[in-house]
Amino acid sequence: MSENQISINKLSKVYNNGFNALKSINLNIKKGEIFAMLGPNGAGKTTLISIICGIVKPSSGIVTVDGFDIINDYRETRSRIGLVPQELTLEQFETVFNNVSYSRGLYGKKPDPKHIEKILRQLSLWDKKDQRLRQLSGGMKRRVLIAKALSHEPSILFLDEPTAGVDVELRKDMWKKYVAVIKVKDSKLVTPIVEAMQAVLWHYVVSDYRLKKNKTKW
């Protein structure tokens with residue numbers, strides 16, 4: 001069995017308006033690897049993540065997750081991935097606990113209150129479990145997104161600007177909590193927060209819609 005948990009071969013994406021978002025991307029992510037992907041706005045970072053997660057359909061190329069093709073075996077691949085999106089996509093009038101529990105059910109997982117409690121405690125959300133989302137601060141809502149992404153016990157976690165719009169001090173505190181939680185996962189992709197690079201060996205720069213590998217120096 002391959003040591004690569006995610007394998008990307010000659011991946012390209014051209015939108016209907018002719019915009020070429022990705023050009024022949026090749027990338028292998030090994031089990032246990034943590035890395036960051038950097039690039040300017042519109043470089044294609046979110047498009048790449050969305051394709052791997054099954055949200056956007058590629059124009060050409062092959063992507064596999066744990067050996068499963070993201071197109072032909074989409075149920076298998078999606079069940080292995082947790083995604084924290086850029087935007088706050090939450091049911092504002094539902095409680096924190098029910099929000100996270102509902103996300104678990106979407107992946108066909110049986111209810112597991114103890115697992116949900118564990119995640120909420122790790123993210124310092126347990127005391128907020130009965131509060132409605134509209135009552136929480138922006139930083140707390142970001143933490144709920146992380147909890148939702150971990151609710152179905154994925155082996156891969158994608159963080160797409162999880163601290164966007166959060167002040168500097170709170171951002172540092174959130175990253176400490178994120179790192180503590182995701183250490184139990186097999187692979188992680190963080191994009192494009194610079195602070196996250198302190199925890200990675202390699203980072204990837206998206207330039208001209210292609211990937212370039214660089215070693216992180218601190």
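The values are calculated or read from the model by the stated rules, or taken from the named source; none is laboratory data. What you are looking at is a predicted structure, and each value in this text was computed from that prediction instead of being measured. Using ideal geometry, Cβ is built from the backbone for each residue, glycine included, and neighbour counts are taken over all protein chains shown.
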Exercise for the section: Run Ser103 past the list (1) surrounded by fewer than 20 Cβ atoms within 10 Å (Cβ to Cβ); (2) under 30 Å from Ser137 (Cα atoms); (3) at pLDDT 90 or above and report the number of the one that doesn't hold. Expected result: (1)
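Quick one: how many residues across the range 143-165 are hydrophobic (A, V, I, L, M, F, W, C), at pLDDT below 85 and surrounded by 19 or more Cβ atoms within 10 Å (Cβ to Cβ)?
At the first step, the residues of the range 143-165 found to be hydrophobic (A, V, I, L, M, F, W, C) are 144-147, 149-150, 156-159, 164.
This time we only want the ones that are at pLDDT below 85, so: 159, 164.
From what is left, the residues that are surrounded by 19 or more Cβ atoms within 10 Å (Cβ to Cβ) are 159.
So the answer is 1.
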Exercise for the section: Output yes when any residue across the range 128-142 is at pLDDT 90 or above, crowded, with 16+ Cβ neighbours inside 10 Å and closer than 19 Å to Leu159 by Cα, and no when none is. Expected result: no
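Among the residues of the range 109-127, which ones are assigned to a loop (DSSP other than H, G, I, E, B) and modelled with pLDDT of 90 or more? Steps first, please.
Initial filter on the range 109-127 (assigned to a loop (DSSP other than H, G, I, E, B)): 109-112, 123-125.
Of everything in the range 109-127, those that are assigned to a loop (DSSP other than H, G, I, E, B) and modelled with pLDDT of 90 or more turn out to be Lys109, Lys110, Pro111, Asp112, Leu125.
So which residues in the range 70-108 are of a type outside the set (A, V, I, L, M), assigned to a helix (DSSP H, G or I) and touching a residue at least 12 places away in the same chain (Cβ under 8 Å), if there are any at all? Lay out the reasoning, then the answer.
Here is the first cut: in the range 70-108, the ones of a type outside the set (A, V, I, L, M) are 72-80, 82, 85-87, 89, 91-95, 97-99, 101-105, 107-108.
The next check asks that each one be assigned to a helix (DSSP H, G or I); those that pass are 74-79, 97-99, 101-105.
Tyr74, Thr77, Arg78, Ser79, Phe97, Asn99, Ser101, Ser103, Arg104, listed by residue number.
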Problem - Qualifying residue in the range 58-69 (condition: closer than 18 Å to Ser155 by Cα, free of Cβ contacts under 8 Å to residues at least 60 places away in the same chain, out of contact with any strand residue (DSSP E or B) (no Cβ under 8 Å at 6 or more places or on another chain) and not hydrophobic (A, V, I, L, M, F, W, C)) - result: no
Problem - Filter result (more than 12 Å from the chain's Cα centre (by Cα) and not in a loop (DSSP other than H, G, I, E, B)) within the range 128-157 - result: Lys128, Arg132, Leu133, Arg134, Gln135, Gly138, Gly139, Met140, Lys141, Arg142, Arg143, Val144
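Keeping to the range 47-63, report how many residues are β-branched (Val, Ile, Thr) and buried (at least 20 other Cβ atoms within 10 Å of the Cβ). Let's see the steps before the verdict.
At the first step, the residues of the range 47-63 found to be β-branched (Val, Ile, Thr) are 47, 49, 51-52, 55-56, 62-63.
Of the ones still in play, those that are also buried (at least 20 other Cβ atoms within 10 Å of the Cβ) are 47, 49, 51-52, 63.
The total comes to 5.
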Handout entry: Residue among Asn20, Asn4, Asn28, Asn41 that is in contact with a Phe, Trp or Tyr (Cβ under 7 Å, 6 or more places away or on another chain) and surrounded by fewer than 22 Cβ atoms within 10 Å (Cβ to Cβ)
Key = Asn20
Practice task
Kindly establish whether Pro111 is without any contact (Cβ under 8 Å) to a residue 40 or more places away in the chain and within 30 Å of Leu136 (Cα to Cα).
Solution key: yes
